[in-house]
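Q: Submitted below is the structure of interest, expressed as structure tokens.
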Amino acid sequence: MSERSTPGSGAGLPGDGTPVAVFWRRARAQDPGLPEQPDDAWAFGVTPAHAEELLALVLEGVKTATSSSGWDYPEPATAPQIGDVSVILDGEGMPGAVIETTDVKTCPFNEVTEAHAYAEGEGTRSLGEWREIHERFWQQHSARGFAPEMPVLCERFVLRFPRTRD
């Protein structure tokens, strides 16, 4: 499952020594086109193991999309936007990648495409499996639950900066 774990939380860079701040400075040194601060910092999924698994797919170039429930964004301004730059956190809350949102489309759950399911990079990459996993996830973790007509934000992104191990 690839839902953002903390939609629209805002990253901020609270201090020069925080891991996100240090990572962001390294990312900007490699890619001066990045903004002064990221729009957000968040992890995929809801468990540390899932965050690790999905981050690995991003770093491998397999995962280039994610989705989230439109119901989880009380204000449209808090939803993902084209051009958003996010730090993706690993299962321990440490920075693992910088991504940039390149496309966001909203559609009913039952109209999400096979192409989007494939781009999410998980499991068999089939639409059937995507629907099964996401229905279960939103039933368990979304404040409003699940409905076949619920709005889903289908987000595409590119990897701007990968974590490197020192």
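Q: Exposed loop sites here are GluC sites (Glu not before Pro) in DSSP loop states with at most 16 other C-beta atoms within 10 Å. What is the longest stretch of the chain lacking them?
A: 93-148
Q: While we're here: Exposure proxy check: Met94, Met150 ranked by fewest other beta carbons within 10 Å?
A: Fewest to most other Cβ atoms nearby, the residues stand as Met94, Met150.
Q: Starting from the Cα-Cα distance between Gln81 and Asp16, subtract it from 0.36 nm times their residue separation and give me the gain in nm to one decimal.
A: Gain on stretching Gln81 to Asp16: 20.7 nm.
Q: Under the 0.36 nm per residue contour assumption, what length would be gained going from the current alpha-carbon distance of Gln139 and Ala56 to full extension?
A: The span from Gln139 to Ala56 would gain 27.3 nm if fully extended.
Q: Only four residue types carry charge here, +1 at the Cβ of Lys and Arg and -1 at the Cβ of Asp and Glu. Report the dipole size of the range 19-162 about the Cα centre in Debye, rounded to the nearest 20.
A: 220
Q: May I ask you to compute the full-extension gain from Arg26 to Glu149, defined as 0.36 nm times their residue separation minus their alpha-carbon distance, rounded to one decimal in nm?
A: 40.1 nm
Q: Looking at the calculated P(r) for the chain, what percent of the C-alpha pair distances fall above 30 Å?
A: Beyond 30 Å sits 12 percent of the P(r) for the chain.
Q: Tell me, Val58, Val87 in order of fewest to most beta-carbon neighbours within 10 Å?
A: If I rank by nearby Cβ atoms, fewest first, I get Val58, Val87.
Bear in mind that the values in this text are calculations on the coordinates, not laboratory data. Owing to the predicted nature of the structure, the values given are computational and were not obtained by experimental measurement. In this analysis, Cβ positions are derived from the backbone assuming ideal geometry, glycine residues included, and neighbour counts consider all displayed protein chains.
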